[in-house]
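For reference, the structure discussed in these notes is given below.
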Amino acid sequence: MKRILNTAITVSAVLLLASIAFAQVTLNSVRVGAKDTAALAKFYQTAFGMQETNRINAPGGPEIFVNFGATVDVAKANKSEPIVIMHRDNDDLKDPIAHVILNVKDMKATVAAIKAAGGSMDGEPRPYGNTGIVIGIAVDPAGNRIELIQRP
């Protein structure tokens, strides 16, 4: 009986520690790659109203952090997680799964802004079942996919 009680206490302690560890894990940022990180940062600024909030001079090229905000100061104060644009040697992507997911209020206006900024759409945005949600898949100039979700 004592052995069962000790095992139960040990299991409870492990589960408690695991739940505490999970509670301390949060999203830090989203990373995308581009051959020309500065050009891609400009796309995110033009298409989505994001501003450069940080730049790290890395050996292959600058790593640029962008976040939402009408000005750099507003974007720096924004508590949401940034998109980090990291240098890569080429933009010849083969992975259709990995992508950024953004919530949008006006799908039509967002699609127009993406196209005007040099991005493209992978088909027309479409309803997601009978949920009232509309989903579109955009592609930035470096080939990164961006899922757009418009909720009812």
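Rule-based calculations on the coordinates, nothing more; no lab input. The structure presented is a predicted model; accordingly, all values stated were derived computationally and were not measured. With ideal geometry, Cβ positions are generated from the backbone for all residues, glycine too; neighbour counts draw on all protein chains shown.
Quick notes
- Note on K115: lysines with a C-alpha under 29 Å away, same-chain residues under 8 apart excluded, are K35, K42, K76, K79, K94, K105.
- Count Lys and Arg as plus one, Asp and Glu as minus one, and take only other residues whose Cβ is under 15 Å from that of P96; the net charge is then -4.
- Residue exposure sequence - I85, I114 - by fewest surrounding Cβ within 10 Å: I114, I85
- Order of F48, F68 - criterion: other Cβ atoms within 10 Å of each residue's Cβ, fewest first: F68, F48
- DSSP bridge orientation in the range 2-150 - percent antiparallel, rounded to nearest 5: 70
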